[in-house]
Amino acid sequence: ERPPYATRSTSGLLAARARTFGGQELSYASPLHLVAGDGVWLRSADGQRYLDAYNNVPVLGHSHPAVAAAAAAQLARLNTNSRYLQDAPVALAERLLASVPDRFDRVLFVNSGSEANDLAWRIARHATGGSGGVATSFAYHGITEAIAAFSPESYAGQEPPAHIRLVDPPPGHCEVAAAVDGLAAAGHPVAAMLVDGVFTSDGVQGPSHDWTRAAASAVHAVGGLYVADEVQAGHGRTGEHLWSFCSGRDELPADLVTLGKPMGNGYPIAAVLGPAALVDPFVEGTDYFSTFGGGTAACAAAIAVLDVFEEEDVLRRVSSVGALLLQALGDVTADSDDVVDVRGWGLALAIDLVDPATGEPAPARTRAAIEGMRSRGVLIGSTGPDRSTLKIRPPLVFGPEHVARLGDALAETLRELR
Ligand code: PMP
């Protein structure tokens, strides 16, 4: 029986979407018609329940009551822009700056990860006078024209523009020194390198502090900036710390930090954090302002997210559940000739699949695995240049009972594929 909030049949909705959206991608061969979300669970119009092991935006779980209440209360009272003096944007800026090293003393609010990276790139160009950029070979950083150049995942066969150099991500050797030399020789001295702290689109390859430290040194040596893109890696994804560049044995020398996706647990809000010496000249030189960036309700949602992190001790749970999940994935795939690597950092995990006959990447098998998991009520995804890596990136409220369920579904799915 259809829940009351599904107003159309799934087939009717699918046809209407095709008429209005054209060819824009939908997940799954038979698309999921979702009507509700609660914690790690999603519910579809046909009454099925799905365990969400894929979505990182609802970092505290779908429809978190504290975030929904905070945003709703603010929407019902006042929701306007940050050129008026209001509590929420200032309180959020203070909270964010308290969570990063002391050298950061400015926050600029925007509405998406793409905008945050675009703004960081503009600040870097303004501060350095450079015009060159470095990204990893299959990175994704966003949709604006400037940031699409840093996003080879969406090049669709195009070559990088002349001002961009692409380098292998970890665990490959760090080639950033050669890349910045090449940029300078081509008349594009480096302004910035963008690094996704978990290298999500490159197949989930980090955090790798040795690689990133070497990369940052190479960029800094010629006056460029290292932008830590925490849009995926941040808000506790890797456990230990809210920000991946601050986790691990030592903090990485990021110059600018971008935040997004999970920041409002689904309410759009994003930000750039940086030192006054870099940010202030840009703001003054450009009369910078964003209408919705730092809007009151968005800030209320983002403050509620940070409150829940503290009240529910989320970071500690990420580390322990992440370790359990990594162990479970390792157990389920041990002795599998189609699984060549299982890795994870907190609740960012990946499984590399191959064709057992050839040892080559197996994109069709990977797609089949994702469909097989869905048919068993578990949502995961894929990533990497070969589309042969399963990406497991659940809301951080994933618990041991969910680990067991995912492990069972994966064992059955891999067995079926053989
Ligand atoms: N940076 C990274 C690392 C991302 O994964 C994404 C989105 N997948 C973005 C930036 C862009 O964020 P948005 O889609 O909110 O513009």
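From the largest down, the stretch 229-276 spans 32, 28, 12 angstrom on the principal axes of its Cα atoms.
Provide 115, 412, 145 in ascending order of the number of other Cβ atoms located within 10 Å of each residue's Cβ, fewest first.
Values: 115 25, 412 15, 145 8.
Exposure proxy ranking, most exposed first: 145, 412, 115.
Per-residue 3J(HN,Hα) values for the stretch 220-235, derived from phi via the Karplus relation 6.51 cos²θ - 1.76 cosθ + 1.60 with θ = phi - 60°, read 5, 4, 10, x, x, 10, 9, 9, 7, 7, 9, 4, 9, 7, x, 6 Hz in sequence order (x marks Gly and Pro).
So what's the gap between the Cα centers of the stretch 236-303 and the stretch 36-110, to the nearest angstrom? Here the two parts' Cα centres lie 13 Å apart.
Note on residue 49 and residue 24: the model spin-label points, each 7 Å out from Cα along the C-beta direction, lie 3.1 nm apart.
For the residues 136, 128, what sequence is obtained by ranking on other C-beta atoms within 10 Å, fewest first?
Working: 136 29, 128 20.
Going from least to most buried by this count: 128, 136.
Quick one: Kirkwood hydrodynamic radius for the stretch 364-418, alpha-carbon pairs, angstrom, one decimal? That comes to 11.6 Å for the stretch 364-418. In order along the stretch 367-374, the Karplus-derived 3J(HN,Hα) couplings, from 6.51 cos²θ - 1.76 cosθ + 1.60 at θ = phi - 60°, round to 4, 5, 5, 5, 5, x, 5, 4 Hz, and Gly and Pro are given as x.
Charge dipole of the chain (Cα centre as origin; +1 on each Lys and Arg Cβ, -1 on each Asp and Glu Cβ, all else neutral): 1100 debye, rounded to the nearest 20. Here is how the number arises for the chain: DSSP H runs of 4 or more residues each give -39500 (n - 2.57), the sum is divided by the residue count, and the result at 222 nm is -12000 deg cm²/dmol. Under the simplified labelling scheme, the residue 404-residue 368 pair shows an inter-label distance of 3.0 nm, with each label point 7 Å from Cα along Cα→Cβ.
Can you give the extra length, in nm with one decimal, that the chain gains between residue 72 and residue 335 once fully stretched, where that is 0.36 nm per residue apart less the Cα-Cα distance?
Numbers: separation 263, 0.36 × 263 = 94.68 nm, distance 5.03 nm.
Result: 89.7 nm gained on full extension.
Note on residue 97 and residue 313: the model spin-label points, each 7 Å out from Cα along the C-beta direction, lie 3.1 nm apart. Considering only 65, 136, 170, and ranking their Cα positions along the charge dipole of the stretch 65-311 that arises from unit charges at the beta-carbon of Lys, Arg, Asp and Glu, the one farthest toward the positive end is 65.
Pop the C-beta distance of residue 277 and residue 90 into the FRET formula with R0 = 25 Å and round what comes out to the nearest 0.05. According to the calculation, E is roughly 0.75.
Need the full-extension length gain, residue 250 to residue 57, defined as separation in residues times 0.36 nm minus the C-alpha distance. One decimal, nm.
Details: separation 193, 0.36 × 193 = 69.48 nm, distance 2.66 nm.
Length difference between fully extended and current span is 66.8 nm.
If you bin all the Cα-Cα distances of the stretch 158-293 at 5 Å, starting from zero, the percentages per bin are 2, 10, 17, 21, 20, 16, 11, 4, 0.
For the chain, the alpha-carbon radius of gyration amounts to 0.98 times the rule-of-thumb value 2.2 N^0.38 Å expected for a compact globular protein. Of the residues 99, 382, the one with the fewest other Cβ atoms within 10 Å heads the list, and the complete ranking is 99, 382. A cut-off of 5 Å between modelled amide H atoms, ignoring neighbours fewer than 5 places along the same chain, links residue 41 with 52, 62.
Read the figures in this text as sums done on the coordinates, not as results from a lab. Everything numeric in this text was worked out from a predicted model, so none of it was measured. Virtual Cβ from ideal backbone geometry, glycine too; neighbours counted across all protein chains shown.
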